[in-house]
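So the structure is just underneath, and the comments pick up after that.
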Amino acid sequence: MARFLLKRVALSLITLWLLSVIVFTAGQVLPGNVGRAMLGPFADQRAVDALNHEMGTDRPLLVQYGDWISRFVQGDMGRSYAYRAPVAPFIANALANSAKLAAVAFLLVVPLSLAMGVLAALHAGRPVDRSIMVAGMSATIVPEFVSGIILILIFGVWLRWLPISATWPPGAGFFGQLYHLLLPAIPLVLILFGYIARMARAGTLEALDADYTRTAVLKGLPQSTVLWRHVLRNALLPTVSVIATQTAYLIGGLVVIETLFRYQGIGSLIFLAANKKDFPMLEAGVLAVGCVFAVASLLADLIYSWLNPRIRFGATE
Amino acid sequence: MKPSHALIELFRSTHGEVHNQLIDSLLAGRLNRREFMRHGSCLGLSLTTLGTIAGSVGLIAGPRSARAAGTGGTIRVAQNAPASAIDPVKIADGPGLAILSYVGDFLCFDRNDLTLEPMLAESWSPNKDGTVWTFKLRQGVKFHNGKPLTADDVVASIDRLADPANGSNALSAFTGYLSKGGTRKVDDHTVAFHLDAANGSFPYLVSSDNYNAIILPADYAGNFEQSMIATGPFKLEKYTPQVGASFVRNTDYWGGQVVPERVEATFFADIQPQILALQGGQADVILQAPVLQSVAVLNDPNFEVISLPSTAHQQLHMRNDMEPFKDARVRRAVALTLDRPKLVQGLMKGRAKIGNDSPFAAVYPMTDKSVPQRERNIAEAKELMAAAGMANGFETTLTTERFLEIPDYAVLVQNAVKEIGGKINLNVLDQGAYYGDAVYGKSPWLDSVMGITDYGHRGVPNVFLSAPLRSDGTWNGAHFKNKDYDQLVTSYIASLDIEAQRATAGKIQRLLLEETPVIFSYFYDYLTVVKKGMSGVVTTAMGQLLLAKATIG
Amino acid sequence: MSDASAAPRPVSAPETTVAQERRERAGQLLSSPTFLTGAAIVVFWAACAIFGHALVPYDPLADDMLNTLLPPSREHPFGTDQLGRDVFSRVITGSRDILTVAPLATLLGTLGGTVLGLAMGYSRGIVDEVLSRIVDALLALPTVIVALLALVALGTSKITVVLVIAFGFTPIIARTVRAAVLAERELDYVAAAKLRLEGPLHIMFVEILPNVAPPILVETTVRLGYAIFTVATLSFIGFGIQPPSPDWGLSISANYGLIGGGYWWTVLFDGLAIASLVIGVNLIADGIEGVVNG
């Protein structure tokens, strides 16, 4: 188990390092130069050169990268070129916002899709099953901004039940924030529902078919107990891995939702930084998303192996 | 002699040649009251003096709006988030310069009618040829930390902006006219600006038009966001990047009692949530509302739209040195395909004024209004194309930026030239990508065969005449190189006398109509939206917001 | 992902059995309601893409500045946009760009992914390890972010959008192909080919490829749905299709700021169009998957 963990951590670190190199390279190819992007197109060229020199952006690439990576590892994410302020608080704030939205989405989608998946499995092959699966897969493929706009029109503009901007007024409490996050969370629920329900269904089917279930039924245990103790655990397994793989998307891939609902999450922070050639912010943002993904995968593997005795005690990979 | 004439004779005997020419023009009826006030204020005459003289010649002004009584309250402003750190030296964006206007003051202030009002300077005057301008500073002004304002502070502030090593955005205004060291102290309350070349409109360069030029303490050492020490009506309380800022009343303000107790600015990513905030009662003022996205609010009776005629515009340039636009006849043909009144009505919802293909907007007093307005004329356009050998039309690419209504304007241009056989392919870029490195060879803005660029308001057209159109201009996307034009512009900028300015302007306008390197089809209004019942809100087309005397209804 | 009915077949198998099976599969497909519904939707939009321009009542590009933002009416069933253009005509002709870019990107991605996946799955060892690490790194980031960063660096045009999406799909398809190849390579026919001294390229492309084709087909159709999704999304955030194209994502991007003002018709119909197309493609993918997996 420990060896398994260590190996996974090592792999994650390599992946993250590769990621930082890739983003660094991409960042240097972005059009325009930093001084110009900050001062605007109408500023004097001498001013731009002076600023570039001051920021150190006219040094060779390798030097800049080396400088940056050594400091990042120690926790110093550098100073934003655009805001002349430490990057870390921006990232932290954006991550917190994205996490809140992801949490609301998870809270809504996990119980719903698990319930639907199990239901579909219990009625396998019949219309209920078919319609849940088709509905799920259809909802998954519709782009978030399309469902988002339709939802805004219905609930925000016509019915006026929910606010159309996700940014809550300063000082809003828990319920105020929740109120503002409901509408943007729904497109995410739609996207994830089909996938998780399908996994839950497959897991449930497998469990229903398994020997230990039949044994339990033969022993005379009521169906509900069988369901709860054996079947659900199996259904949860693939769900956990799905949640892990979707976490990166939920935290960093929501540029569209964040744009549509005017929400300051990490996706739009990265987007803004890319446009402004704010290299420290961009790199920090992308690596933050990568780290979230790595941690989520690791956690998922841990939970998976805990739930699945075969992995805990075996050595197969 | 009648009393009015006595007054004028007294004035004449105590003022120099330049001011006397101004009186001559007024008496001969070549200036109306507004132009007289504006030009006179530029020359350093106080508005009271000007008002009195104008009155003595029989020109009466309209009533000034009454000042509201009572003090207190919090004004909540909704605005876009500043694009970068709040640094007076480097700021180049609208939301940022608005913040400067809450906490800082300029030597003089460019009012909505383009007259200059004294602010930290009480009066100013030029020498005979406009190469030295002397400003007398107001007494008794204090910075937020209690330190009194003296000439040393002004010298330090302006010199800092004129010094290339500091990389200020203001350099683009000062280049060629004011260098480092040109700002000199005469005594504790007098500053003289020694210019590199004559400039009849110099005071605009140290007015609110040059939005970086707020006066800071001489010992300012950077990190403005920390405490924002300046002389303005509001003092910084707290600033959080990307979120908002709060300010409290400056009880020692030189401008008298500051009415609101607090100002709270909230930053948004764009206009939609600002409108929502206003409609939802969470904001009292929207700093700037672009026409298209604000259609909803513009007709709402709960809100009032402060509409300032401004000289902000979009420049549609055509490369004079590349096909298909090498021949001026082709450029004129393109200009003739545009239906300008429809553009103003349909695209800008009436909130703009038609342009005549030169920087001389109708709202500028020195514009020669006798120059005929270009109108849509497809028949003439086709003739020109045939004469230029392009009866079969042309194909080219229009590169531009995703900003305000520009992509829509581009589509309309694309459709318009179809009538003369023109086929335009659009390439709409992100703003940063369009400007690129902002140097020739590395910028779609400056290299594209055809492009549309946004230009913000200026109190005088000097910047518009120089950088985008002079042979040595750094913003010359059209690559327009015309010696006659260069000479006319130099003499225009140097003249102190408004009649001379207007005569030269007329020549420039006609030259540009003939050559049409750039199409100026409209100058759009600057819109601010406030809750109904608010008064005392002063805005500038530059983007400043003065709330010292503002009350909520 | 392959199952019993797609058992490995030596190249010299009798022709008739293969053809018979293909016909059987086709029959299954054509009687599947999901497939038929999906196909109907896609064929409709494809027809619009090809013939739309000739059949719509108004020129989708012609502006009418005095009739902007009119709500739906007899003359304009879907209303007009902020340049006075007829929304109905634009929605119908808006399928053209997306149905050109997305399939092309998917095709390129499939080609790239197949080659990569074959190489990785067949060679194993160092090559596989290194490539897998790089693929992992790229997959750690959401596709949209990768596409965005690439487009900011390369500038936007239809070609770059195609290349960027194809590039984004390659690792995903490679993964699927690699897994399928791993299952195949241990089978008898591969060993037989090796004994015949066939080279690795021959083994990969002539022997293994036909047998992993079914899962690739399923994956490709699923990817097509995602390609349409991604193109629409990129247009929405401002990269990709240029004005004045009536492309749906572009229209929504230009008009969603107007929703608050009540101008819903400028975005709703484009949104429904996108939704119907992606669902249609997905239903087709679902149908094919059902047939392939028995």
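Remark on segment C:100-245: hydrodynamic radius 16.2 angstrom, per the Kirkwood mean of 1/r across alpha carbon pairs. Remark: for residue pairs B:K342/B:K418; B:K180/B:K483; A:K276/C:K158, the C-alpha separation exceeds 19 Å in B:K180/B:K483; A:K276/C:K158.
To the nearest ten degrees, helix A:174-209 and the longest principal axis of the Cα atoms of chain A are 50 degrees apart. The C-alpha atoms of chain B define a longest principal axis, and helix B:17-27 lies at about 70 degrees to it. Please work out the FRET efficiency for the pair B:D484 and A:R59, using the Cβ-Cβ distance as r and a Förster radius of 35 Å; give the result to the nearest 0.05. Here the calculated transfer efficiency is 0.15. Run the Debye formula on the Cα coordinates of segment B:52-204, all scatterers equal and no solvent, and tell me log10 I(q)/I(0) at q = 0.10, 0.13, 0.16 1/Å. Once normalised to I(0) and log-transformed, intensities are -0.47, -0.78, -1.11.
State, to one decimal in nm, how far the label point of A:R229 lies from the label point of C:F44, with both points 7 Å from Cα in the Cβ direction. For the pair A:R229/C:F44, the computed spacing is 5.2 nm. The fewest-to-most ranking of C:V42, A:V157 by surrounding Cβ atoms within 10 Å reads A:V157, C:V42. Helix-only arithmetic for chain C: the sum of -39500 (n - 2.57) across DSSP H runs with n ≥ 4, divided by the residue total, places the mean residue ellipticity at 222 nm at -23000 deg cm²/dmol. Note on B:W124, C:W265, B:W254: ascending count of other Cβ atoms within 10 Å places them as B:W254, C:W265, B:W124, the fewest first. Judged by the mean number of other Cβ atoms found within 10 Å, the most tightly packed of the peptides B:40-53, B:11-24 leads the ranking B:40-53, B:11-24. Using θ = phi - 60° in the Karplus curve 6.51 cos²θ - 1.76 cosθ + 1.60, the 3J(HN,Hα) couplings for segment B:153-162 round to 5, 5, 4, 4, 4, 6, 4, 4, 6, 7 Hz; x is entered for Gly and Pro.
Taking label positions 7 Å along the Cα-Cβ direction at both B:A387 and A:R8, the computed distance is 7.9 nm, reported to one decimal. So, R0 is 60 Å and r is the distance between the beta-carbons of B:I378 and A:R126; what FRET efficiency does that work out to, to 0.05? After rounding to 0.05, the efficiency reads 0.30. Inter-chain neighbour count for B:161-169: the average number of beta-carbon atoms from partner chains within 10 Å of each residue's beta-carbon is 5. Here the label points at C:L217 and B:R510, each 7 Å from Cα along the C-beta direction, are separated by 7.8 nm in the simple model.
For peptide C:231-239, the mean count of partner chain Cβ atoms within 10 Å of a residue's Cβ comes to 5.
By the count of other C-beta atoms within 10 Å, a proxy for reagent exposure, B:C108, A:C291 are ordered fewest to most as A:C291, B:C108. Normalising the Debye intensity of the protein assembly as shown to I(0), with uniform scatterers on Cα atoms only, and taking log10 at q = 0.04, 0.10 Å⁻¹ returns -0.26, -1.37. Taken over segment A:140-265, the percentage of Cα pairs per 5 Å bin, counting from 0 up to the bin with the maximum distance, is 2, 10, 15, 15, 13, 11, 10, 9, 7, 5, 3, 1.
Helix check for chain C. Which DSSP H runs span at least 15 Å along their own axis by Cα, with a mean Kyte-Doolittle hydropathy no less than 0.5?
Helices meeting the criterion: C:33-55, C:95-123, C:125-139, C:143-154, C:158-184, C:209-236, C:265-292.
What FRET efficiency would be calculated for the residue pair A:A92, A:L302, taking the C-beta separation as r and a Förster radius of 30 Å, to the nearest 0.05? According to the calculation, E is roughly 0.75.
On a per residue basis, the convex hull of the C-alpha atoms belonging to segment C:142-181 measures out at 56 Å³. At full extension, B:E261 and B:N425 could sit 53.7 nm farther apart than now, given 0.36 nm per residue minus the alpha carbon distance. Counts of other chain beta carbons within 10 angstrom of each beta carbon in peptide C:266-277 average 4. Relative contact order for chain A: 25 percent, from Cα pairs under 8 Å spaced at least 6 residues apart, divided by residue count. Protection proxy ranking for A:143-151, C:223-231, B:90-98, using the average of other Cβ atoms within 10 Å per residue and placing the highest first: C:223-231, A:143-151, B:90-98. The helix-only estimate of mean residue ellipticity at 222 nm for chain B, built from DSSP H runs of length n ≥ 4 each weighted as -39500 (n - 2.57), is -8000 deg cm²/dmol after division by the residue total. Excluding same-chain neighbours fewer than eight residues apart, the aspartates and glutamates reachable from B:K531 by a Cα-Cα span under 12 Å are B:D284, B:D300, B:E304. Seen from C:I173, the other residues with C-beta closer than 13 Å to its C-beta sum to a net charge of +2, counting Lys and Arg as +1 and Asp and Glu as -1.
Its DSSP H runs of at least 4 residues, each contributing -39,500 (n - 2.57), put the calculated 222 nm mean residue ellipticity of chain A at -25000 deg cm²/dmol, to the nearest 500.
Every number here is computed from the coordinates shown, using simple stated rules; none is lab data. If you're wondering where the values come from, they're calculated on a predicted model, not measured in any experiment. Positions of Cβ are generated from backbone atoms using ideal geometry, with glycine treated the same way; all protein chains shown enter the neighbour counts.
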